[in-house]
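Here's the structure, in structure tokens; my notes come after.
The values are calculated or read from the model by the stated rules, or taken from the named source; none is laboratory data. As the structure is a computational prediction, the values presented were derived from the model and not from experiment. Counting neighbours? That spans all protein chains shown, and the Cβs are built from the backbone with ideal geometry, glycine included. What goes into the accessible areas is simple: the full protein's heavy atoms, side chains included, and nothing from ligands, DNA or RNA. Shrake-Rupley method; radii C 1.70, N 1.55, O 1.52, S 1.80 Å.
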Amino acid sequence: MLKIHCPYCDEQREEEEFSYSGEAHISRPLDPGALSDADWADYLFFRKNTRGWHHEMWQHSAGCRRYFNVTRHTVTYEIFESYPMGTTPKALPKGDAR
Amino acid sequence: MGRYSVFSLMKNALSYHENWQAAWHSPKPKKHYDVIIIGGGGHGLATAYYLAKEHGITNVAVVEKGYLGGGNTARNTTIIRSNYLWDEASQLYELSMKLWEGLSQELNFNVMFSQRGVLNLGHSLQDMRDIARRVNANRLNGIDGEVLGVAEIQKIVPLLNCSPTSRYPVLGASWQPRGGTARHDAVAWGYARAAAAMGVDLIQQCEVSGIRTSAGKVVGVETSQGFIGAPKVGCVVAGNSGVVAAMAGMRLPIESRPLQAMVSEPLKPCLDTVVMSNAVHGYISQSDKGDLVIGAGVDQYNGYGQRGSFHVIEHTMQAICELFPAFSRVRMNRQWGGIVDTCPDACPIVSKTSVQGLFFNCGWGTGGFKATPGSGYVFADTVAHDRPHPLAEAFTIDRFTSGALIDEHGAAGVAH
Amino acid sequence: MSLENTQKNRLAIGGRIDRSRALSFTFNGKRYSGFLGDTLASALLANGVDVVGRSFKYSRPRGIMTAGAEEPNAIVQLGHGAATIPNLRATQVALYDGLEARSVNGWPNVNFDLTRIFSLFGRLMPPGFYYKTFMGPKKLWMFYEHFIRKGAGLGRAPTVRDPDIYDRINQHCDVLVVGAGPAGLAAALAAARTGARVIIADEQEEFGGSLLASDVNIDGKAAAHWLAVTLAELAKFETVTMLPRSTVFGYYDHNFLTIAERCSDHIALTNDKAARQRIHRVRAREVVLACGAIERPLVFAACDVPGVMLAGAVSTYINRYAVTPGKGLILFTNNDRAYETALHWHASGRQVVAVVDSRHNPQGDLVQKAAAKGVKVLTGHAVIEVLGGKRVKGAMVAPLSADGSKLTGQAKALQCDTIASSGGWNPVVHLSSHTGAKPIWDEEIIGFRPGKSTQAERSVGAAAGTYDTASCLAEGDASGVQAAINCGHSAVATSYNVTGETAAGPAQALFLLPHGKPTSRAPYQFVDYQLDVTAAGIELAAREGYTSVEHVKRYTAMGFGTDQGKLGNINGMAILARKLNQTIAETGTTIFRPSYTPTTFGTIAGRDVGELFDSARFTAVQHWHEQAGAKFEDVGQWKRPWYFPKTGEDMDDAVGRECLAVRNHVGILDASTLGKIDIQGPDAAEFLNRVYTNAYLKLAPGKCRYGVMLGEDGMIFDDGVTACLGENHYLMFTTTGGAAGVLNWLEIWHQTEWPELKVYFTSVTDHWTTATVTGPNARKVIAKVCSDIDLDGDAFKFMDWRDGTVSGVKARVFRISFTGELSYEVNVPAHYGRHVWEKLIEAGAEFGITPYGTETMHVLRAEKGFIIVGQDTDGSVTPYDMNMAWVVSSKKSFSFLGKRSLDRSDCTRTMRKQLVGLKTMDPLDVLPEGAQIVNERNAPIPAAMQGHVTSSYYSACLERSIALAVVKGGLDRLGEQVFCPLADGRVIAAEIVSSVFYDPSGARQNV
């Protein structure tokens, strides 16, 4: 069970308070109508599904209800950082954090 | 390959079992094959077997980074059923079911396919509508199914809590008598032995690190045992589909997540069928060894760690104790996780790709084990003929572009 | 009966048992006595009970082998009836007065077991035999399987509801110490002295671990004294939680560990006063794993005969329980430390027949000490076979080559009744392994050490392969200091002065002993006792190509018993490695998984069972509904009135009456469960415009609009009415089940894509009670309780809303309709909900007001062709499929959510399933919901399905059945006949019609 830092509440809380919301930094195309079906499908469904350090969105759903990003390793499940929406992540650590 | 039978067993007993042949050999890879299958799990081994048996393509290598059948084949809860909602899915799973029904004899390896029936419980009026819809569709597709009332359910599963005063009372169930369980490891081993006997090379401890292409065509794979050439490569790497796709410069509409399961200590027979409840979130059967085999839900986050979060186990146990209040004093012996590759529509991808000669068979989500024979069968056909098998036509990767999804979880489909 | 008579193996003095508290218990129906402080195992050994179980496959008699969690044989069922507990290990069951235990296998009993006959066929049952047989004829597998299942399993599950409850506690601490032996206690003490919050848990009945039976002195006092002083000091810290009888069974991510505490299992079968067991969910900043080591037996022929025990276990029984479990001992060892057992046995006054040491020239102090006591030591020898059936009668002992690989002379028989076996120790790496750390083989300690972990943890003491008390204390102290420092405390090291310890010489790496016959022909050389896995079985697996350690495990079932391979797995791996000419490091280990020892389902489930399984939500009017005799339906977590039967009415009667009342007079529905989201901000309208398919920019205060939301995939996701409450202020209604999902949906788009929009969302579902008053008399009813709203049809129009007062309560009244009748949805703060509801009922009495439930609501809306998201839609339909093109605005400049997907080829093709009505040819036939639709009456199987019935009812108002369905190309097929083949063999014919059955012009709601 993960322990997640909410950057807005500035607290480490249990995973049960949070909802996972998928890969981070996927922007909705500004003009969907201009996209080909393939490009639209790419936005809708296709994901990096990284094995390793992964930027992902979480919501503090049973807390402040705000969305933020987390850099988490998908094999060791270590969390490197959490950072507010709209900010850029730090450079990725090499290998595992510890 | 010596045939297995009670007579071979007696004969070998006389020589203290010193003369059994190896079920398969572990050769060094050749330089070149007609087809390379990446992934020595149940689906990959079945693909190799049907390539050899149905299409006469025996110059095949299965390359496996660990040991045969060591991924989700070794980690699932062994449930087999074909009562899927949509025509496309149910026909694929029904092909599988028919293959299961003769598999032990075909492979000369007892996979212990046990048709003890599968119950899917309904706990709300909408559950019951969905159950009726699915059962009606199954029957019209030639798949066995019935809608059962509470009294009939109680007769089949005496220990099930059918009290009308429980938090989410059981209102009814769908019942597929031909559904059941099989011995998961045996499926991989049976296919491996039969494929090896036809000349397929099973190469274990051989990790693929790259897919080599030239002018849009696949030419082979880089592995920890060197480059192996082939004009056709089939990827059947549940739990790592995204990783292997990335080697070919592709992304997939797949996310990999932990799926947990657990077993109790062995008990004398107390549960004859498979009982599944989507609304209460738990499913359970009893193995031939006597363990209660219990499946949990998928964890919310992406993960390749083959372990999940404990609260998922708690919720599953709450569901099991709610459904079977007598099992509350039974003890959990072991708990583990697999990695499931989930597609947005909870249906698999069996498909050619933009790279000529490169094929993917993935995205089976939580439903992969039951599909093993059918998956291998249609994928072998797809690889052999370089076009989707008719039953796989709906499962190409193009559906995510056209929008022709086969939404098994959005509809009445059961998730496992 | 005097104690001497029943407890023939009980020593006159010593041990930690309370001789003043004699306890009576039964085993397999026979009465025995023991003492407080005994385990069931120690009491059985004291009473000279040899056979406690039968093995799984060969039904061999089995005795107590160990004194702890690794016990494979002494598996018992406790008690009977609802409180019975299957599969407990006698070695971990604390004895209490009146305890009833019985063996789980053996028929008719363990001493006279007729199923032993199966063992005659043992040679026909090598590993994997079932994969090779029972294959024909095809149909017969289930027949064979029936008998296989009957023979399998250990204990029996209870058959009625568990009478006990189970608790759950969330804990946080600086340092969690697992294991309260010398290393764990030193760690806990060091950390506690810094002020750190410490939890120390140990699975045993009392703290102390090896100190409970130790000969050493610590700081000049006996180990037991140091133990008592340390426990007393720890108990004084308010920051320390001490948990005996508490097994840390799982180590999860981010230092989350689970502890199962057995609160009352040492007292009785059930606990009628409090929780029987309790789970502690611990989030620890630092973890010290001091969980000890498990002794490894040596593998030789017939090493499973009762009387063969682990050497350490024999010492434990002598020292802690004052039980010497036999008369004449042979100790068989490859290491020095086990010599202590011979010394303990000797000290208890019984005969040590011999120490058989596989090493040719052992030199350690303990070896000298044994020789000095006159114990006969046979060096360079091995026990190669045990004599005896239900109890050891002797051992075949033979000279062994220096490398342990072959015999160098004739075996001779030595008489004894007990064989203590020690092949070295395996550190308990299980918890470390749960975190994903891979154990590492260490030739030095001849065992696996914990691997590198990504968690804030460290293993110390025997768990890290350190076996002498002085080092355990030092490591423990250092780890406690370091852990506390890591938590921000300042700490100083303590040094302990340990005396009386004997240095151990080098051990020999030895696992399987040779026999005069090859492994395949020797008598069974057991590796995994519970599952009857033998050395020959492992070699056979390797011969057949199952060379991965995981394959061997799975092919032979090694390690799949309730002891999870704690006793046998390392031996098994060593045997496999030798067979494959590999090192153990190359062979590798398997991954340990939770649970460390089996954990009760109920303990994991905690209190969230029965009525606490999931919260139930009720509206403010719930008690009125109950008093009115409502039947309830579960909708998500909500309990909603389904229908209100009057005496003698069944559901059809009640629903028919309720429907007619609404259509002809007036009805009232509790619609409070509908999701309500308050939306405010200058950009609220723009936001709504983006998430709904239709336009919202021009919705004026006082007005309402129905909208549909799509997922980005273009599929209908929710629907409902949104009202403009004022400038920049809206109230959105969602479906009952969709409320939470819709709020998430709004929040994610706002926060992640459009943070520049100034808009705020608040869930207000529970703030309001919503009473829908609907029917031709609705206006008259409202007029009686509301005087400050002009109810005139021209002043307060359909799809308007007004602020006002209803029965003295500030209310919002919405003229929206889900029935197609004149409707007022009266919203009042939930605190006044019941009051207003009752006033409405009172006011409506003269007009025949009739409360109705969800079923009538469904019928009425179906008559109007209004969809229910989730019933008529299933996540695969667009608004066009639902014949709702009118709700999709093509004029909006912003590409609303889901719009782009509607243009994909599959969404624009013909023959998509579309919402239509169905009228059965026989108006009294009500199609079952979920019926599938085909084109021909006798469609061959597999049939080409055209769609299915989504909603279907008998309409009392129309005096016929009606149904909604989705049908391929349905909107172009009005008037066509289709067929619904049912499971009972009937085929019902129906005509495709418009989905609006009643008042197609909408005149009735618009008056």
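Nearest 100 Å² is fine: what is the total accessible surface buried where chains A and B meet, probe 1.4 Å?
Adding both sides of the contact gives about 2300 Å².
Between B and C, buried accessible area summed over both sides at probe 1.4 Å, in Å² to the nearest 100?
Summing both sides, the interface buries roughly 9900 Å².
I'd like to check one number: the per residue accessible area of chain B, probe 1.4 Å, reported in Å² as a whole number.
28 Å²
Bin all alpha-carbon pair distances of region C:1-143 at 5 Å intervals from 0 and give each bin's fraction as a whole percent.
The calculated distribution, bin by bin, is 2, 9, 16, 18, 16, 12, 8, 6, 4, 3, 2, 1, 0.
Within region C:297-423, what whole-number % of the accessible surface is contributed by carbon and sulfur, with the 1.4 Å probe and all protein chains included in the calculation?
In region C:297-423, the share of accessible area belonging to carbon and sulfur is 50 percent.
Within 10 Å of each Cβ in B:130-140, how many Cβ atoms from other chains are there, averaged over the peptide?
The shielding value for this peptide is 6.
Could you work out how far the C-alpha centroid of region C:102-168 sits from that of region C:893-959, in angstrom?
Distance between centres, Cα-based: 50 Å.
Amide H of residue B:211 versus every other amide H placed in the peptide plane: which residues, excluding those fewer than 5 positions away on the same chain, fall under 5 Å?
B:222
Only residues of region B:120-158 count here: report those whose backbone N is under 17 Å from the spot 7 Å along Cα→Cβ of residue C:160, or say none.
The answer is B:158.
Give me a single rounded figure for A:10-20: the average over its residues of other chain Cβ atoms within 10 Å of their Cβ.
Across A:10-20, the average partner-chain Cβ count within 10 Å equals 3.
Determine the shape class of chain C: with a ≥ b ≥ c the square roots of the Cα gyration tensor eigenvalues, call it rounded for a/c under 1.5, and otherwise prolate if a/b is greater than b/c, oblate otherwise.
prolate
Which percent of Cα pairs goes in each bin when the distances of region C:519-591 are cut into 10 angstrom slices starting at zero?
Once binned at 10 Å, the Cα pair distances of region C:519-591 give 23, 60, 16, 0.
At R0 = 35 Å, how high is the FRET efficiency between residue B:21 and residue C:109 if r is their beta carbon distance? Nearest 0.05 is fine.
The value I calculate is 0.25.
Around residue A:22, which amide H atoms from residues at least 5 apart in sequence, or from another chain, sit under 5 Å from its own amide H, with H modelled in the peptide plane?
HN-HN under 5 Å from residue A:22: A:57.
How much of the pair distance distribution for region B:139-240 lies past 19 Å, counting alpha-carbon pairs only, in percent?
Summing the P(r) of region B:139-240 above 19 Å gives 69 percent of all pairs.
Ignoring ligands, DNA and RNA, how much accessible area is buried between chains A and C, both sides summed, with a 1.4 Å probe, to the nearest 100 Å²?
Result for this pair: about 2500 Å² buried.
At 1.4 Å probe size, with no ligands or nucleic acids counted, give the accessible surface of residue B:369 in Å², nearest ten.
Approximately 20 Å² of residue B:369 is accessible to the 1.4 Å probe.
Distance from a point 7 Å along Cα→Cβ of residue C:22 to each backbone N in region C:316-332: keep the residues under 20 Å and list them by number.
C:321-324
With the Cα gyration tensor of region C:751-831 in hand, convert its eigenvalues to equivalent ellipsoid semi-axes via √(5λ) and list them largest first in whole Å.
Computed over region C:751-831, the values are 28, 15, 12 Å.
Counting pairs of alpha carbon atoms under 8 Å apart in space and at least six apart in sequence, what relative contact order in percent does chain C give?
9 percent
So for chain B, averaging the separation of alpha carbon pairs under 8 Å that are six or more residues apart and normalising by length, what relative contact order in percent results?
With pairs under 8 Å counted, the relative contact order is 22 percent.
Name the residues of region C:424-462, by number, that are at least 50 Å² less accessible with every protein chain in place than in the isolated chain; the surface is that of heavy atoms, probe 1.4 Å, without ligands or nucleic acids.
Correct list: C:454.
Per-residue mean of other chain beta-carbon atoms within 10 angstrom of the beta-carbon, peptide C:154-165?
6
Based on the mean of other beta carbon atoms within 10 Å per residue, what is the order of C:454-465, C:269-280, C:682-693, most packed first?
The peptides rank, most packed first, as C:454-465, C:682-693, C:269-280.
Give me the percent of DSSP beta bridges within chain C that run antiparallel, rounded to the nearest 5.
75 percent
Charges on Cβ only, +1 for Lys and Arg, -1 for Asp and Glu, centred on the Cα centroid of region C:749-900; of C:789, C:757, C:817, which one is farthest towards the dipole's positive end?
Farthest towards the positive end: C:757.
Using only the Cα atoms of region B:282-361, what are the Rg and Dmax in Å?
So, for region B:282-361, Rg and Dmax equal 17.2, 56 Å respectively.
For a Förster distance of 56 Å, can you work out the FRET efficiency between the beta-carbons of residue C:410 and residue C:224, rounded to the nearest 0.05?
0.75
Considering only Cα-Cα distances, which of the following residue pairs are longer than 30 Å: B:268/C:139; B:289/C:579; B:217/C:438; B:268/C:438?
B:217/C:438; B:268/C:438
If Lys and Arg each add +1 and Asp and Glu each add -1, what is the summed charge of the other residues whose beta carbon sits under 12 Å from the beta carbon of residue B:44?
0
Could you pull the Cα extents of region C:526-656 along its three principal axes, largest to smallest, in whole Å?
Ordered largest first, region C:526-656 gives principal extents of 81, 28, 23 Å.
Based on DSSP H runs of at least 4 residues, each adding -39500 (n - 2.57), what is the mean residue ellipticity at 222 nm of chain C after dividing by all its residues, to the nearest 500 deg cm²/dmol?
Calculated mean residue ellipticity at 222 nm is -6000 deg cm²/dmol.
If the reach is capped at under 16 angstrom between alpha carbons, list the lysines near residue B:31, excluding any in the same chain fewer than eight residues apart.
Within the straight-line cut-off, residue B:31 pairs with B:232.
Take every Cα-Cα distance within chain B, group them into 20 Å bins from 0 onward, and report for each bin the whole-number percent of pairs it holds.
Histogram of Cα-Cα distances, whole percents per bin: 27, 56, 16, 0.
Of the heavy-atom accessible surface of region C:853-943 (probe 1.4 angstrom), what whole percent is carbon and sulfur?
Reported share for carbon and sulfur atoms: 52 percent.
Would you calculate the separation in nanometres between label points at residue C:142 and residue C:664, each defined as 7 Å from the Cα along the Cα-to-beta-carbon direction?
Rounded to a tenth, the inter-label distance reads 5.4 nm.
Sorted by accessible area with a 1.4 angstrom probe, largest first, how do C:698, C:452, C:57, C:864 fall?
C:698, C:452, C:57, C:864
Quick one: go through region C:687-711 and flag any residue whose amide nitrogen is under 11 Å from the point 7 Å out along the Cα-to-Cβ line of residue C:889.
Label zone hits: C:687-700.
First compute the accessible area of region B:182-238 with a 1.4 Å probe, then give the percent of it belonging to carbon and sulfur atoms.
Heavy-atom surface of region B:182-238 belonging to carbon and sulfur, 1.4 Å probe: 48 percent.
Counting pairs of Cα atoms in region C:800-891, how many percent are more than 23 Å apart?
42 percent
Could you state the number of Å between the C-alpha centres of region C:463-513 and region C:782-823?
79 Å
When 1/r is averaged over all different Cα pairs and the result inverted, which Kirkwood radius in Å belongs to the protein assembly as shown?
That comes to 35.2 Å for the protein assembly as shown.
Sorted by accessible area with a 1.4 angstrom probe, largest first, how do C:750, A:54 fall?
Putting C:750, A:54 in descending order of accessible area: C:750, A:54.
Per residue, how much accessible surface does chain C expose to a 1.4 Å probe? Answer in Å², no decimals.
Here the residues of chain C average 36 Å² of exposed surface.
Could you work out the helix-only [θ] at 222 nm for chain A, with each DSSP H run of four or more residues adding -39,500 (n - 2.57) and the total divided by the number of residues, to the nearest 500 deg cm²/dmol?
Theoretical 222 nm ellipticity from helices: -2000 deg cm²/dmol.
Return the calculated 222 nm mean residue ellipticity for chain B, to the nearest 500 deg cm²/dmol, obtained by summing -39500 (n - 2.57) across DSSP H runs with n ≥ 4 and dividing by the residue count.
Calculated from helices alone, the mean residue ellipticity at 222 nm is -9000 deg cm²/dmol.
Which value, in nm² and rounded to one decimal, describes the direction-averaged projected area of the C-alpha convex hull of region C:883-1007?
If I average the Cα hull's projected area over directions, I get 10.2 nm².
Output the 0 to 90 degree angle, nearest 10, between the alpha-carbon long axis of helix C:833-844 and the longest principal axis computed from the alpha carbons of chain C.
40 degrees
Principal axis lengths of region C:669-787 from Cα atoms, whole Å, largest first?
If we take the Cα atoms of region C:669-787, the spans are 48, 29, 25 Å.
Taking Cα pairs under 8 Å and at least six residues apart, what relative contact order does region C:910-1005 come out at, in percent?
37 percent
Give the angle, between 0 and 90 degrees and rounded to the nearest 10, that separates the Cα long axis of helix C:469-486 from the longest principal axis of the Cα atoms of chain C.
For C:469-486 against chain C, the angle is about 30 degrees.
Within 10 Å, count the other beta carbons around each residue, average over each peptide in C:282-289, C:634-641, B:279-286, B:17-24, and list them highest first.
C:282-289, B:279-286, C:634-641, B:17-24
Between residue C:503 and residue C:327, what is the label-to-label distance in nm when each label sits 7 Å out along the Cα-to-Cβ direction?
That separation, rounded to one decimal, is 4.1 nm.
Evaluate E = 1/(1 + (r/R0)^6) for residue C:1001 and residue C:842, where r is the Cβ-Cβ distance and R0 equals 22 Å; express this FRET efficiency to the nearest 0.05.
After rounding to 0.05, the efficiency reads 0.05.
Tell me whether region C:297-423 comes out rounded, prolate or oblate; compute the Cα gyration tensor, take square roots of the eigenvalues as a ≥ b ≥ c, and use a/c under 1.5 as the rounded threshold.
oblate
Which entries in C:57/C:393; A:3/B:352; C:412/C:553 show an alpha-carbon gap greater than 32 Å?
A:3/B:352; C:412/C:553
Name the residues of region B:1-40 whose accessible area falls by at least 40 Å² when all protein chains are present instead of the chain alone, probe 1.4 Å?
At a threshold of 40 Å² (probe 1.4 Å), the residues of region B:1-40 that become less exposed are B:4, B:9, B:16, B:17, B:18, B:20, B:24.
Under a crude label model (7 Å from the Cα following the beta-carbon direction), how far is residue C:797 from residue B:214 in nanometres?
7.5 nm
So for region C:874-938, considering every pair of alpha-carbon atoms, how many percent are separated by more than 17 Å?
Tail fraction, whole percent: 57.
Taking a quarter of the surface of the convex hull around the Cα atoms of chain A, what do you get in nm²?
Result: a mean projected hull area of 7.2 nm².
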